[in-house]
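The values are calculated or read from the model by the stated rules, or taken from the named source; none is laboratory data. In this text the structure is predicted, and so the values were computed from the model without any measurement. Neighbour counts run over all protein chains shown; Cβ positions are idealised from the backbone, glycine included. Accessible surface is based on the protein model in full, side chains and every heavy atom, while ligands, DNA and RNA are left aside. Shrake-Rupley method; radii C 1.70, N 1.55, O 1.52, S 1.80 Å.
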Amino acid sequence: MKVILVTHTFFPYSVGGREKHVYDVGKVLSKRGYKVEIFTCSDSLFRYREKRESENLVIRYFPTIHIPMVVGYYRIPLTMLYNLLKTNADIIHVHEYFHFTTFISSIAARIKKIPLVLTEHGYPERIGIQALFLKLYHKICLPQIIFSSKKIIAVSKFIKAEILPKFNLPPEKVNVVYNGIRLTEYTKKSNVFRKKYGLEDSKIILGIGRLIKEKGFQYLIKALPTILEKIPTAKIVIIGPDHYFKKSLMKYSENLEVKNKVIFTGNVPEDMLKSAIYSSDVVVIPSFYEPFG
């Protein structure tokens, strides 16, 4: 059986929970004998490339138009629809409804008469132009996606409860399948992270995620002066890709006079991330919207 996994962003051009989820699903399926291709967007209008991870797993990056938006880009991959129609896949599995990649996948699935599965990872409410764009997308594109989907997967009960009324779905249409984790990968003792960032004598408060407002790191930083009164060696370390809200977070820590107590590492390799989790004294998830918190 051949499975196409479709996601609008992927490693190395984007790092996050969804990207890791898709990658892990692809690896597991390929190890079980399925032929798997991951279709995603490249970082350029002129770049196409393929990366073969194993005999059964190929990642295909399609040339992409990047339309700037307030919190990132809306991506339109050129030739992806053509390649979806050309493929001999048995199933197309798309991730997140609010993307052009999902819309064209639904078209391809209907034309080819093969099952479409949608995994919804959650999308916070937007305001302004983005909210209007979402409403337009709901009216024009969403019925096509929902009608085409054989099954919809929600990554948590929270997301299922959110999308049932939003999409006017019967409960049996949506299954909850939690994100997986290999616990054994996080049991290895490693203090490499502490040594790299000079934190041998610090109490580490660790946050992980994109530097966007919804992740709530501003509340974590706001708490730091109070924490320092009792634990002077405490430091906040935030791991995650730079995003539009980083400057605000840096300015916030400066105004609270805790700038030297907040470290932004950017993205780190997987082994370094695991070392950070092992080394930290506490991990905090201060998000005010988190599909799988």
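List of remarks:
- Subset of the stretch 266-278 (residues that are among the polar types (S, T, N, Q) and in contact with a Ser or Thr (Cβ under 7 Å, 6 or more places away or on another chain)): S275
- Output for the stretch 199-257, where each listed residue is closer than 26 Å to K274 by Cβ and among the acidic types (D, E): E200, D201, E214, D242
- N179 fulfils the conditions (1) of a type outside the set (F, W, Y); (2) closer than 25 Å to T79 by Cα; (3) within 23 Å of the chain's Cα centre (by Cα) except for a single criterion, (2).
- Residue in the stretch 233-249 that is in a strand (DSSP E or B) and open to solvent by 20 Å² or more (accessible area, probe 1.4 Å) present: yes
- The set of residues in the stretch 73-99 that are outside any loop (DSSP other than H, G, I, E, B) and open to solvent by 60 Å² or more (accessible area, probe 1.4 Å) comprises Y73, Y82, L85, K86.
- Verdict on Y13 being farther than 27 Å from G207 by Cβ, open to solvent by 50 Å² or more (accessible area, probe 1.4 Å) and in contact (Cβ under 8 Å) with a residue 24 or more places away in the chain: no
- Among the residues of the stretch 250-293, those identified as open to solvent by 80 Å² or more (accessible area, probe 1.4 Å) and not in a loop (DSSP other than H, G, I, E, B) are K251, E254, N255, K259, N260, D271, Y278.
- Number of residues in the stretch 29-43 that are open to solvent by 40 Å² or more (accessible area, probe 1.4 Å) and either of a type in the set (S, T, Y) or touching a residue at least 40 places away in the same chain (Cβ under 8 Å) (or both) equals 1.
- The set of residues from the stretch 44-72 being part of a loop (DSSP other than H, G, I, E, B) and open to solvent by less than 70 Å² (accessible area, probe 1.4 Å) comprises S44, N56, P63, V71.
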